[in-house]
1. Calculate, in nm to one decimal, what Ser37 and His296 gain on full extension: separation in residues at 0.36 nm each, minus their alpha carbon distance.
2. Run the numbers on the chain and let me know its relative contact order in percent, using alpha-carbon pairs under 8 Å that are six or more apart.
3. Compute the relative contact order of the range 154-310 as a whole-number percentage, counting only Cα pairs closer than 8 Å that sit 6 or more residues apart in sequence.
4. How high is the FRET efficiency between Asp481 and Ala104 when r is their beta carbon distance and R₀ equals 22 Å, given to the nearest 0.05?
5. Which of Gly226, Pro121, Trp326 sits farthest toward the positive end of the charge dipole of the chain, with +1 on the Cβ of Lys and Arg and -1 on the Cβ of Asp and Glu?
6. Any number yet on Rg/Rh for the chain, C-alpha, Kirkwood?
7. Pairs Lys75/Lys230; Lys230/Lys267; Lys252/Lys490; Lys82/Lys134; Lys134/Lys190: which exceed 26 Å Cα-Cα?
8. Could you give the length gained on full extension between Ser223 and Lys134, defined as 0.36 nm per residue of separation minus the Cα-Cα distance, in nm?
Amino acid sequence: MDRRKFVAGSLAAVGATVLKGTSQAASEQIPGAVSASVVQQARFPEGFLWGTATAAYQVEGAWNEDGKGESIWDKFTHTVGKVKGGVTGDVACDEYHLYPRDMALAKRLNLRSYRFSISWPRIQPTGTGAPNMKGIDYYSRLVDTVLANGMRPFCTIYHWDLPQGLEEHGGWPNRDLANYYADYAGILAKHLGDRITVWAPFNMPWSFTYMGYGVGGFPPGRSNFGDFLKAAHTVTLAQAQALRSIKGVSAKATVGSAYGMCPAYPKTDSASDRAAAARYHAMNNVFFLEAAMKGHYPNAFVGEPPYELMGFKPGDEKIMYAPLDWVGFHYYTRRVVADASRAGASEGGHFSGTEIEADPATGRDPYTRFSAVMPAEGPLTESGLEVWPRGIYDLVMQISREYNNPIIEMTESGCGYLDGPNEGGRVPDSRRIEFFRQELAELARAIADGARVRSFHAWSLMDNFEWANGQTERYGLIYVDYRDQKRTIKDSGYWYGKVAAANRLEW
């Protein structure tokens, strides 16, 4: 039976009730919002893959069970003062034990793709050596359950939880990690590659290298720009080595990645601001993508690239050249960028979703020399990000132009609102519905204009541990009560399920 043409009885019955009244725009007006007629005309290609995304540390829990080693996030969250509310990911959503229930809920939402990540220290407790077979067995069962519920298993190999043992050997600035990582990727492909065909080596590599090593907001908490550049180069090498390692084991494998991206708009039409916006795009959006697709880094710097500081060696350009089969990226919000090549260097700022907010009076660092700020022309989510639907169209079209119209996987997008259950047990979150409705209408427009987008993954399947913000943000289509792990599908989940079944938007 075609699940797109048949909405599961429970979803249809409940959805007809809970969605009544959400056809009006959310109370916060979105500048440039598309009209009802544009939403109703939005179409997606036959076979389009509607999905959701999660990450191991954010949902699994079971932090020290079945032979799993310590990760840098385990160590970070167990350090007083690092996470809002003093919570950890020790239990999170307990998906390690509850995954059959969660995959059944995903099926109720008519999902066809489930993007998840694998915890490296669950496979190799110290980061090297023979695999922990209990960890392999867990992910094997998870993949089987994903498939049994009619979804494509989409595996992100690394979503920020480095084994603490490797951090103690220098972490990502140590280029030896590129080979360790390739070994780890090969282990996964050997044991799971008969069922997983879509692999993303990294999630948001700019974010974890910059936040972990450049400004210290994420583990391991270092604040050294040179360490960031070394870490970024190691990750570039690891990305390419992992692709070869996976494909050497699994003939079915396709490899892309999951990059965090924000469209960059120049603050003014001046040549200097336009050049700064281009540097932002080069560093924050396509630094690792360009390296894989073309074998060199994009022009992200003012002056000569600091190759020596990065640890670049002769022949590295041949190693890092490993063209991807598809391009994956996240969209959350936009940035407005100004030149700061004549200002003093900044010492950093605070992390907000996908970006380090620079002091607008100075450059973010002595090499890229731009100021990137998130505007507030559109309404802000409760997580503090501006809602700007047009940005997904602009970003998808830009990547399509620059990389010869590749296959695109939208690996994440979502919004943080704290709506909880009402007295009747329902979770009305109309703002999230409006966010997705507007954004997906813009994505459909990009597809109509020729972009080869084949999937969209909402962040997230369920509320989860949101890194340094702990449990103070909720991005899920499913509400999680962390006291007893009860799951409740939100109104946005029912709406998204109807969209996935119909392959068109619901006003």
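Bear in mind that the values in this text are calculations on the coordinates, not laboratory data. What you see is a predicted model, and the numbers here were worked out from it, not measured in a lab. Here the Cβ is made from the backbone with ideal geometry for all residues, glycine too, and neighbour counts use every protein chain on show.
1. Result: 88.8 nm gained on full extension.
2. Reported relative contact order: 20 percent.
3. 25 percent
4. Efficiency computed from Cβ-Cβ geometry: 0.80.
5. Result: Trp326.
6. 0.94
7. Lys230/Lys267; Lys252/Lys490; Lys82/Lys134
8. Extra length from Ser223 to Lys134 when fully extended: 28.4 nm.
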